[in-house]
Amino acid sequence: MTNFISQAERIEQKLFPHKQVSLGDLRQIDGPLFDLNGKDLVFEPSVADALNRQIGTSRSQLDMIRHASGDVGQVNFRNFLSDAATFANNKDVVLIASPDTHRVVNVLIPRHDFIPARQFFDFAQLFMDESGYEFEKMESRSDGRFDIMLYLQSRNPTVRQFATGEDTVTDGAYLRWTGDQIELGNYYIRLVCTNGATDTVTKKQTKMHSFNPSEVHRMIELAKSRELPKIGFQTYERKAIEAMETQCSLAELQGLSSYLTGRNAGLLPETVDSFLPTRKYEEYFTARGVDIKRNSKLIKTDLSAWSVFNMLTAFATHTDLLAPEDGARNTIRHAANRFLQADRDIKHYIEYDG
């Protein structure tokens, strides 16, 4: 438990500075400059966009007002909408600032209540004490977003095999904190190499948005029942075998590359290219006159869906390009699991033979 406490303290200290404020107290002054009870704050465009959506407007609408009425007219219009919206339904938001630039780089808009990280760690300790799980490791994001993954393992792990060479420890559980909810799920550790290398596969099962006693009891009882490791594993086995027998389409590769280079994962295109060969297949079929934009779901690569799944989980687990505790690893694992669970593009007509 000492290791858990020390890691929790270290990760809590790494969280970007943040403050819970009333949406109605945020007043635009000019462009990205806002006022909060007499204090000037500079917002990144994505933060301003998120707050504007909460009061019923958008960047494009505000641009139209600016062109018609000037900067002052746009600011007055925006603040009027804020007053009207928050008068009817004011809510709290959590502003997250960069410790380097001091700009507000992210905002959390809780669906229910904001759950501070310290309360999450206190709950996690109670969860382990009550359910019998032991702390294994912890991961968090390094880009200002609230996302902490706490991995737990049974004291007596169970190993199952659903295909030759596919030995899997099925007893893992995880708790994930995203600021406004706590998620409980199970995870499987695939023993993929004789040298001890492993891949981790996660699957969400339930969540709670507050420390309502009945919600806390329900989550802990699910873990104590030992039903958690069984939930979803048969589906995982079935989808894994299907993926072994199905080749991956170009559209599926493109979807993964797009997600991994997008805002959620935030990987550089050259990083994704280093382990996911999407560009290779795009260049191959384009050189042969295939319209890859129209036919991407019809283009069958020579990769099985299972091998692509392995590429994702192997990178998430073993890459040196991400810090060991970087929560981007978990984002990639979630992408891998969604890919595995998705319906396959099975009907293909244009094959890769290079």
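Residues that are among the basic types (K, R), modelled with pLDDT under 90 and out of contact with any Cys (no Cβ under 7 Å at 6 or more places or on another chain): does the range 274-283 have at least one? Checked the range 274-283: no residue is among the basic types (K, R), modelled with pLDDT under 90 and out of contact with any Cys (no Cβ under 7 Å at 6 or more places or on another chain).
Summed over the range 274-297, the residues that are over 26 Å from the mean Cα position of the chain (by Cα) and either not polar (S, T, N, Q) or not in a helix (DSSP H, G or I) (or both) give a count of 14. Applying a threshold of 7 Å to beta carbon distances and a minimum spacing of six or more residues, or different chains, the list of pairs starting in the range 113-125 at a residue that is assigned to a loop (DSSP other than H, G, I, E, B) and ending at one that is of a type in the set (S, T, Y) and open to solvent by less than 60 Å² (accessible area, probe 1.4 Å) reads D113/S210.
For beta carbons closer than 6 Å, sequence separation of 6+ or different chains, a first residue in the range 78-94 that is closer than 15 Å to L36 by Cβ and among the basic types (K, R) and a second that is part of a helix (DSSP H, G or I) and open to solvent by 20 Å² or more (accessible area, probe 1.4 Å), there are no qualifying pairs.
Taking the conditions exactly as written (surrounded by 14 or more Cβ atoms within 10 Å (Cβ to Cβ), under 30 Å from S140 (Cβ atoms) and either of a type in the set (G, A, S) or out of contact with any Asp or Glu (no Cβ under 7 Å at 6 or more places or on another chain) (or both)), does E9 satisfy them or not?
No: the conditions fail for E9.
Of all the listed residues (L322, L312, L298, L268), the sole one being under 29 Å from I11 (Cβ atoms), open to solvent by 20 Å² or more (accessible area, probe 1.4 Å) and in contact with a Lys or Arg (Cβ under 9 Å, 6 or more places away or on another chain) is L322. Counting only residues that are assigned to a helix (DSSP H, G or I) and under 15 Å from L150 (Cβ atoms), the range 318-333 holds 3 of them. Filtering the range 334-344 to residues that are open to solvent by less than 30 Å² (accessible area, probe 1.4 Å) and either at pLDDT 90 or above or not in a helix (DSSP H, G or I) (or both) leaves F339, R344.
Scanning the range 219-242 for residues that are in contact with a Phe, Trp or Tyr (Cβ under 8 Å, 6 or more places away or on another chain), at pLDDT below 90 and under 27 Å from E183 (Cα atoms) yields A223, F233, Y236, E237, A240.
Here's the yes/no breakdown for (1) open to solvent by less than 20 Å² (accessible area, probe 1.4 Å); (2) polar (S, T, N, Q); (3) outside any strand (DSSP E or B); (4) in contact with a Ser or Thr (Cβ under 7 Å, 6 or more places away or on another chain):
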site	(1), (2), (3), (4)
D129	no, no, yes, no
M138	yes, no, no, no
R145	no, no, yes, no
L152	yes, no, no, no
R155	no, no, yes, no
G165	no, no, yes, no
T168	yes, yes, no, no
G172	yes, no, no, no
L175	yes, no, no, no
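If you filter the range 238-262 down to residues that are outside any helix (DSSP H, G or I) and without any contact (Cβ under 8 Å) to a residue 12 or more places away in the chain, you find that the one that is farthest from S304 (Cα to Cα) is G262. With respect to K14, determine if the residue is touching a Leu at 6+ places or on another chain (Cβ under 6 Å) and closer than 23 Å to I182 by Cα. It is false that K14 is touching a Leu at 6+ places or on another chain (Cβ under 6 Å) and closer than 23 Å to I182 by Cα.
The values are calculated or read from the model by the stated rules, or taken from the named source; none is laboratory data. Just so you know, these numbers come straight off a predicted model, no measurement behind them. Cβ coordinates were reconstructed from backbone atoms using ideal geometry, including for glycine residues, and neighbour counts include every protein chain displayed. Side chains are part of the model used for accessible areas, which takes the heavy atoms of the whole protein and leaves out ligands, DNA and RNA. Shrake-Rupley method; radii C 1.70, N 1.55, O 1.52, S 1.80 Å.
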